[in-house]
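Below is one structure, written out as C-alpha cells; comments come after it.
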Amino acid sequence: MTRKWTTSAYSYAFQIILALIVLLPIAFALVSSFRPLDDIFKYLSPVTWKTFWPGNVTFEAYENLFALRGFGRTFFNTFFVSAVCVIFGLLVGSMAAFAFSTFEFAGKKTAFAIVILTFMLPFEIIAIPLYSFVNRLGWIDSYSGLIIPNIANGLVIFLFYQFFQDMPKALFESARIDGAAWFRVYSQITMPLSKPVTVSAALLIFIQQWESFLWPLIAVRSKEYKLIQVALSDFVTDIMTYWNEMFAAVVLSIIVPVILLLPLQRYYVEGIANTGSKE
C-alpha cells in the first residue's frame, strides 16, 4: 500500500511539474499583455508572485493592436483561411480516401504511396516550386494563394483511409444492391459514421493553418492578407520590441484553438485511436 501511494505521489508530482512548465510561460504572457511596456521585465528577476500578477493593469496593448495595427483584419484573415481550408480539406480528403479504400484502379498503390510521401516531406522542399507555380497563376497576395495549395492534405487522406478500411463493406454492398449511387453511399452512409475522424481531421487542418508561418510569409506581401503568425513579427523593430503588444497578440492567437480543442478533444482522441491498424 505504501509503495503504491509513493508511486502515485511521484506520478502526480511529475504531472504537476510538466503542467507548470507548460502553463507558467502562458501565464507570464497573459499577465504581461496587461502591463505597460516598461513593466514587462520589471518583476522577472527574481521570480516572485508579482511576476504572475499585474500590478498596474492596462488595456493599452490590446487597444493598440486593433486601433493602430489593424489586428482585427489579421485575425479575420487567419480565421477565414483556416475555416475555408477545413471545409474543402474535409471534402477533398474524405472523397479521396473513400476512393482509395473502396475502388480498385490502375496505379492505386503508387498514387497512395505518393499521398503518404506528401506529409512525410518537409514543406521547405516544395516551398520554392510551389511559389513559382502559384505566382504564375497570379494568386500571390490573395486568399486563393493562401487557401488552394493547402486544401489537399496527405495526412487527412491517410486518417480517413484508415478509418474507412475498418468499416464493414457489407454496408456498401447492401446500399448498392438497393440502387444507391456511390456518392450516396459516401454522403449518407460513410460520412455520418465517420464523426470522430472527421472532427480529428477538422481540428488537424484548422490548427495547422492557424499556426502556419512559412507559406503565409512567402505568399503574402501586403497587410491586407497577412495572417496571425506572420503578424507577430511586426512587433520587433530596429528601435525596440513592443513586448506587451506581442504578448497580447500571442494570447489572442491561443484563444481560438483552445476554445475549439477543449470541447472536442474526446472526438479528436477517439478519431486518432480508431485510425490504427485493424484487429
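We did not get these values from a lab; they are worked out from the coordinates using the rules stated. Fair warning: this is a prediction, and the values are worked out from it, not measured in the lab. Because the Cβ atoms are built from the backbone with ideal geometry, glycine has one as well, and the counts that use them run over all protein chains shown.
Relative to the Cα centre, the charge distribution of the chain, modelled as +1 at Lys and Arg Cβ and -1 at Asp and Glu Cβ, gives a dipole magnitude of about 520 debye. The range 91-182: which GluC sites (Glu not before Pro) are DSSP loop and have at most 13 other beta-carbon atoms within 10 angstrom? Listed in order of number, the matching sites are Glu104. Taking every DSSP helix (H) stretch of at least 4 residues in the chain, weighting each as -39,500 (n - 2.57) and dividing the sum by the residue count yields a mean residue ellipticity at 222 nm of -21000 deg cm²/dmol.
As a rough footprinting exposure proxy, the listed residues Arg184, Arg266, Arg35 were ranked by other beta carbons within 10 Å of their own, and the order from fewest upward is Arg266, Arg184, Arg35. When the charge dipole of the chain is built from unit charges on Cβ atoms (+1 for Lys and Arg, -1 for Asp and Glu) and taken about the Cα centre, the candidate among Leu18, Trp215, Ser253 whose Cα reaches farthest toward its positive end is Leu18.
The value of relative contact order for the range 67-207, using C-alpha pairs under 8 Å at least six residues apart, is 42 percent.
The dipole here belongs to the range 152-253: it is taken about the Cα centre, uses +1 on the Cβ of Lys and Arg and -1 on the Cβ of Asp and Glu, and is about 340 debye.
Would you kindly give the portion of the calculated P(r) for the chain that falls above 25 Å, as a percent of all Cα pairs? That tail contains 61 percent of the Cα-Cα pairs. By the rule of a C-alpha distance below 20 Å, with chain neighbours fewer than 8 residues away ignored, the aspartates and glutamates paired with Lys42 are Glu60, Glu245.
Enumerate the amide H contacts of Gly70 below 5 Å, restricted to partners 5 or more residues apart or on another chain; note that Pro and chain-start residues carry no placed amide H. Here the answer is none, since no amide H 5 or more places off falls under 5 Å of that of Gly70.
In the chain, taking the dipole from charged Cβ atoms about the Cα centre, the farthest positive-side position among Val31, Asn153, Leu65 is held by Asn153. The aspartates and glutamates whose alpha-carbon is closer than 14 Å to the alpha-carbon of Lys50, local same-chain residues fewer than 8 away aside, are Asp39. With θ taken as phi - 60° and the Karplus curve 6.51 cos²θ - 1.76 cosθ + 1.60 applied, the whole-hertz 3J(HN,Hα) list for the range 53-59 is 9, x, x, 10, 6, 8, 9 Hz, x standing for glycine and proline.
Over the chain, Cα pairs under 8 Å with separation of 6+ residues give a relative contact order of 30 percent. For the range 36-189, the convex hull drawn through the C-alpha positions has a volume of 239 cubic angstrom per residue. Couplings for the range 238-246, taken from phi via the Karplus curve 6.51 cos²θ - 1.76 cosθ + 1.60 with θ = phi - 60°, read 5, 8, 7, 10, 8, 5, 5, 5, 5 Hz in order; Gly and Pro are left as x.
Shown in residue order for the range 24-30 are the 3J(HN,Hα) couplings computed by the Karplus curve 6.51 cos²θ - 1.76 cosθ + 1.60 at θ = phi - 60°: 4, x, 5, 5, 5, 5, 5 Hz (x for Gly and Pro). By the Stokes-Einstein formula, at 1.002 mPa s and 20 °C, the range 222-262 with its Kirkwood radius over alpha-carbon pairs has D equal to 188 µm²/s.
Quick one: check the C-alpha center-to-center distance for the range 202-274 versus the range 19-68, whole angstrom. One Cα centre to the other: 20 Å.
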